[in-house]
Amino acid sequence: MIPDVVQPPPELANQYDSDRVLRSYVRRVLPDEVHAAVEPGLRAMGQRAGNELYALQQDDLENEPTLTRWGPWGDRIDQIEQTEVWERAAEVTAEQGVVAVAYEQVHDSYSRVHQMALAYLFIPSTDMYGCPLAMTDGAARTLLDSGNEALIEAAVPHLTARDPESFWTSGQWMTEVSGGSDVSQTRTTARRDPEGTWRLHGRKWFTSAITADVALALARPEGNPEGSEGLALFYVPVREGGDLADGIYVHRLKDKLGTRKLPTAELHLDGAPARPVTENLRNGTRHIAPMLSVTRTWNAVTAAAYVRRGLALARDYARKREAFGEAIIDHRLHQETLADLQAQLEGMFHLSFRLAELLGRRESGRADESTRTLLRLLTPIAKLTTAKQAVAGTSEVVEAFGGAGYVEDTGIPPLHRDAQVLPIWEGTTNVLALDLLRALEEAEDLALLRSELERCLSPLKTPALREAGQSALQAFRDAADWLRAAQDDGIGKLQAGARRFALTLGHALELAYTARHAQWALRAEQDPRSAAAAERLANQPISRIAALDEGGTRALARETESASLLHRYQSSDDVSPDPDPETS
């Protein structure tokens with residue numbers, strides 16, 4: 001029986017041509033000659049993302065990577081089959097230089113912006129293939145910064161190759177059962193064999209993209225002390241002729257909430273050969289810091305990319321879906337929903353791409369000490385803020401489709417499930433909030449962030465944008481006042497409010513960056529839409545600062561009785577005995 005009503009599905013256009021925010025941003029930020037050089041490639045990637053790759057993704061919804069541990073004659077093979085999307089994504093990555101662009105440095109400090117624009121278009125159509133690319137990018141940067149010429153020569157040309165046959169990806173092996181973010185508890189050990197080769201022994205509980213060719217791993221050389229100081233960073237060849245290297249065994253692929261196309265494995269290392277990245281076999285967590293700076297930038301850009309993809313689909317669907325006699329795009333309340341999402345996206349976009357700008361300056365040698373410190377401060381702020389927004393934003397996207405958004409074969413639910421990894425991967429919200437406090441200790445105060453805000457606010461001329469800028473500045477002042485008071489009250493107070501403090505700074509910066517871009521768009525493009533986004537952001541809560549009682553926090557978190565807290569909420573009437581209903 002043929003149904004009498006068929007709902008047209010949402011479709012995607014060229015994801016570059018249809019993205020006003022991205023097109024406007026690259027026109028503003030890139031010099032004319034750079035813009036002219038990179039735009040054809042961005043347009044080509046946008047065409048692929050909205051057509052070939054998106055169609056392949058939708059046809060491949062049910063497939064997931066598989067692990068075959070044993071061969072037909074009882075031999076241990078640990079063979080992993082990737083999905084068709086991931087196979088094609090690897091080819092496109094190399095051909096389009098999604099990693100390579102940042103290292104070829106054709107456009108100097110703007111090469112990072114170019115690269116991240118490619119990634120922003122590419123990632124949502126490739127089932128989180130951006131995860132291994134982020135680690136590959138981070139590994140290349142870590143090796144280059146290490147100065148280990150032998151490893152640089154052996155690996156970096158492959159990690160940044162444009163030939164799919166030569167291109168390698170890299171993993172990052174840190175997480176163990178004994179400690180996730182707290183890598184100081186790492187139990188994997190490194191021992192030299194009689195021939196002098198370092199070999200790793202231990203269990204890596206969560207290793208993303210086990211299909212990688214190489215990995216950077218933390219391990220504790222035998223005899224080193226406990227804690228982070230005793231860890232060293234090692235380079236691990238993962239594959240030999242397409243097969244897993246000796247000493248690497250896959251216990252299982254993780255059954256995860258999201259990123260299900262990404263083969264995340266639990267590994268047993270039994271003498272896996274490895275090479276130290278640095279001569280100093282201590283403080284491995286410091287040596288891996290360049291990787292974290294890169295991967296957290298990818299995380300922020302991915303967060304914005306996922307909300308952008310959800311919005312593109314929701315907007316097209318709203319034009320096609322009718323309810324109560326008209327297309328839902330024409331219902332005022334639905335317009336409010338989409339407008340809020342668009343405003344949030346613009347804030348996320350400008351914060352994450354500001355991070356890319358600063359990273360590009362550092363890598364091209366064009367960053368002074370202030371710029372390097374600003375990058376250090378913005379990295380945890382941007383990562384934690386955009387990640388939380390991606391989860392909320394993609395949830396709103398699912399709801400925008402009604403029941404269809406909850407049905408797997410529409411392809412909408414994976415957007416939300418995959419976004420949930422973003423506040424977890426590369427440091428949770430709380431871990432990054434504490435990292436921001438450490439960065440502020442190094443920077444000594446908030447002066448650089450205040451200067452960054454003022455740089456954004458000084459060009460504002462339009463009254464609505466000036467008012468939005470003042471809202472951002474007031475939220476920043478709230479955060480600065482809190483920081484001063486909490487520093488006087490001690491470490492406990494600082495840690496308790498660190499998340500609210502970091503999110504306040506993140507939302508204030510998003511508003512400031514959006515307003516600054518909006519002023520340029522009004523003048524250069526006569527386009528008021530970014531101004532409307534900034535005004536909408538300014539009318540949403542920006543400051544998260546709150547004075548909450550420590551005793552109440554403890555009582556609610558532990559769900560234990562707290563008699564000492566009672567007086568805070570008790571009035572004189574509350575202490576009088578209730579009247580006896582029998583006698584009153």
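Taking the condition of being without any contact (Cβ under 8 Å) to a residue 40 or more places away in the chain and either over 18 Å from residue 178 (Cα atoms) or in a loop (DSSP other than H, G, I, E, B) (or both), how many residues in region 208-248 meet it?
Filtering region 208-248 for residues without any contact (Cβ under 8 Å) to a residue 40 or more places away in the chain gives 220, 222-223, 225, 237, 239-242, 245-246.
Filter again for either over 18 Å from residue 178 (Cα atoms) or in a loop (DSSP other than H, G, I, E, B) (or both), leaving 222-223, 225, 237, 239-242, 245-246.
Adding up the residues that qualify gives 10.
Yes/no per residue for (1) open to solvent by 20 Å² or more (accessible area, probe 1.4 Å); (2) under 24 Å from the mean Cα position of the chain (by Cα):
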site	(1), (2)
8	yes, no
11	yes, no
15	no, yes
32	yes, no
35	yes, no
41	yes, yes
51	yes, no
54	yes, yes
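Out of the residues in region 172-195 that are of a type in the set (Asp, Glu) and in a loop (DSSP other than H, G, I, E, B), which is nearest to residue 225 (Cα to Cα)? Even if it seems obvious, please write down each step before you answer.
So the first thing to find is which residues in region 172-195 are of a type in the set (Asp, Glu), and the list is 176, 182, 193, 195.
Checking the rest, the ones that are also in a loop (DSSP other than H, G, I, E, B) come to 182, 193, 195.
Values: 182: 16, 193: 20, 195: 24 Å.
My answer is 182.
Considering each residue of region 250-289, count those that are at pLDDT 95 or above, under 23 Å from residue 133 (Cα atoms) and not β-branched (Val, Ile, Thr), and give that number.
Matching residues across region 250-289 total 17.
Can we say residue 190 is at pLDDT 95 or above and open to solvent by less than 10 Å² (accessible area, probe 1.4 Å)? Before the answer, list the steps.
On the way: at pLDDT 95 or above: yes; open to solvent by less than 10 Å² (accessible area, probe 1.4 Å): yes.
So residue 190 fits the description; yes.
Out of the residues in region 245-263 that are surrounded by fewer than 21 Cβ atoms within 10 Å (Cβ to Cβ) and touching a strand residue (DSSP E or B) at 6+ places or on another chain (Cβ under 9 Å), state the one that is nearest to residue 221 (Cα to Cα). Write out each step before concluding.
Taking region 245-263 and keeping what is surrounded by fewer than 21 Cβ atoms within 10 Å (Cβ to Cβ), we get 245-247, 249, 251-258, 260.
Then keep just the ones that are touching a strand residue (DSSP E or B) at 6+ places or on another chain (Cβ under 9 Å); that gives 245-247, 249, 251-254.
Details: 245: 20, 246: 19, 247: 17, 249: 21, 251: 24, 252: 26, 253: 28, 254: 28 Å.
The extreme case among them is 247.
Somewhere in region 287-297, is a residue in a helix (DSSP H, G or I), hydrophobic (A, V, I, L, M, F, W, C), more than 26 Å from residue 209 (Cβ to Cβ) and open to solvent by less than 10 Å² (accessible area, probe 1.4 Å)?
Pass one, region 287-297, residues in a helix (DSSP H, G or I): 287, 289-297.
Subsequent filtering for residues that are hydrophobic (A, V, I, L, M, F, W, C) retains 289, 291-292, 294.
Filter again for more than 26 Å from residue 209 (Cβ to Cβ), leaving none.
No: zero hits.
Only helices (runs of 4 or more DSSP H) wholly contained in region 1-73 count here; list those with 1 or more residues that are without any contact (Cβ under 8 Å) to a residue 60 or more places away in the chain, under 26 Å from residue 402 (Cβ atoms) and of a type outside the set (Asp, Glu). Even if it seems obvious, please write down each step before you answer.
Values: elements: 20-29, 32-50, 52-59.
Correct list: 52-59.
Examine region 220-240 for a residue that is polar (S, T, N, Q) and surrounded by fewer than 20 Cβ atoms within 10 Å (Cβ to Cβ), and state whether such a residue exists.
Of region 220-240, the ones polar (S, T, N, Q) are 224, 228.
Now narrow it down to the ones that are surrounded by fewer than 20 Cβ atoms within 10 Å (Cβ to Cβ): 224, 228.
The answer is yes; a qualifying residue exists.
Restricting to region 399-432, name every residue that is surrounded by fewer than 20 Cβ atoms within 10 Å (Cβ to Cβ), within 17 Å of residue 302 (Cα to Cα) and hydrophobic (A, V, I, L, M, F, W, C).
424
Which number in (1) within 20 Å of residue 252 (Cα to Cα); (2) in a loop (DSSP other than H, G, I, E, B); (3) not β-branched (Val, Ile, Thr) marks the one condition that residue 168 misses?
(1) is the only condition that residue 168 fails.
Every residue in region 87-129 that is among the basic types (Lys, Arg) and either surrounded by fewer than 24 Cβ atoms within 10 Å (Cβ to Cβ) or in a loop (DSSP other than H, G, I, E, B) (or both), please. It would help to see each step written out before you state the result.
Going through region 87-129, the residues among the basic types (Lys, Arg) turn out to be 88, 112.
Residue satisfying the conditions is 88 alone.
Quick check: is even one residue across region 329-349 open to solvent by less than 40 Å² (accessible area, probe 1.4 Å) and charged (D, E, K, R)?
Yes, region 329-349 contains at least one residue that is open to solvent by less than 40 Å² (accessible area, probe 1.4 Å) and charged (D, E, K, R).
Yes or no: residue 173 in contact with a Lys or Arg (Cβ under 6 Å, 6 or more places away or on another chain), open to solvent by less than 10 Å² (accessible area, probe 1.4 Å), within 22 Å of residue 140 (Cα to Cα) and of a type in the set (Phe, Trp, Tyr)? If you could, list the steps in order and put the result at the bottom.
Numbers: in contact with a Lys or Arg (Cβ under 6 Å, 6 or more places away or on another chain): yes; open to solvent by less than 10 Å² (accessible area, probe 1.4 Å): yes; within 22 Å of residue 140 (Cα to Cα): yes; of a type in the set (Phe, Trp, Tyr): yes.
In short, yes.
Hey, can you tell me all the residues within region 521-531 that are surrounded by 13 or more Cβ atoms within 10 Å (Cβ to Cβ) and free of Cβ contacts under 8 Å to residues at least 40 places away in the same chain?
528
If I go through region 434-464 residue by residue, how many of them are buried (at least 22 other Cβ atoms within 10 Å of the Cβ) and farther than 26 Å from residue 516 by Cα?
Total satisfying the criteria: 1.
Among the residues of region 1-33, which ones are touching a Phe, Trp or Tyr at 6+ places or on another chain (Cβ under 9 Å) and among the aromatic types (Phe, Trp, Tyr)?
25, the sole residue that qualifies.
Would you tally the residues in region 149-165 being without any contact (Cβ under 8 Å) to a residue 24 or more places away in the chain and in contact with a helix residue (DSSP H, G or I) (Cβ under 7 Å, 6 or more places away or on another chain)?
Here the count works out to 1.
The values are calculated or read from the model by the stated rules, or taken from the named source; none is laboratory data. Fair warning: this is a prediction, and the values are worked out from it, not measured in the lab. Here Cβ is always computed from backbone atoms with ideal geometry, including for glycine, and neighbour counts include all displayed protein chains. Just the protein is used for accessible areas: all its heavy atoms, side chains included, with ligands, DNA and RNA removed. Shrake-Rupley method; radii C 1.70, N 1.55, O 1.52, S 1.80 Å.
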